[in-house]
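Below: the structure, in structure tokens.
The values are calculated or read from the model by the stated rules, or taken from the named source; none is laboratory data. All values derive from a computational prediction rather than experimental measurement. As a convention, Cβ positions derive from the backbone with ideal geometry for all residues, glycine included, and neighbour counts pool all protein chains shown.
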Amino acid sequence: MIKALCKNCHQWTNRVGLETDRCEHCNELLDEHRISYRKVKHKIKEKSESESLLFVREEDSEKTRKVKRFLVYARVLFFILLFLVSAIIFLSHG
Ligand SMILES: [Zn+2]
């Protein structure tokens, strides 16, 4: 147990150390800023994922989903090939 000062009622309260810890006196979250920061971070990640062209959405048709999955796969394959080709070039010149 750690003692923490509640920002809401300004009384000392026991806490476990989790970001979900609440004040014993007023039940206020002790780490509200930490939780909201995490939520914002999560939202930004979700947003960038959903804005990606290759993100498979629920409303996509079966054909669109297949094309997107193929493109994701092809992109990975492209980088692997790029790596292999550059490795071969590097080795053959060494
Ligand atoms: Zn309090």
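Here are the numbers for the structure shown:
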| item | result |
| --- | --- |
| Which numbered condition Val85 misses (of (1) more than 27 Å from the chain's Cα centre (by Cα); (2) among the aliphatic types (A, V, I, L, M); (3) within 16 Å of the ligand (Cβ to nearest atom)) | (3) |
| Hits in region 18-35 - residues which are aliphatic (A, V, I, L, M) and either part of a loop (DSSP other than H, G, I, E, B) or within 15 Å of the ligand (Cβ to nearest atom) (or both) | Leu18, Leu29, Leu30 |
| Criterion: within 16 Å of the ligand (Cβ to nearest atom) and either modelled with pLDDT of 85 or more or among the hydroxyl-bearing types (Ser, Thr, Tyr) (or both) - qualifying residue of Arg65, Arg15, Arg38, Arg75 | Arg15 |
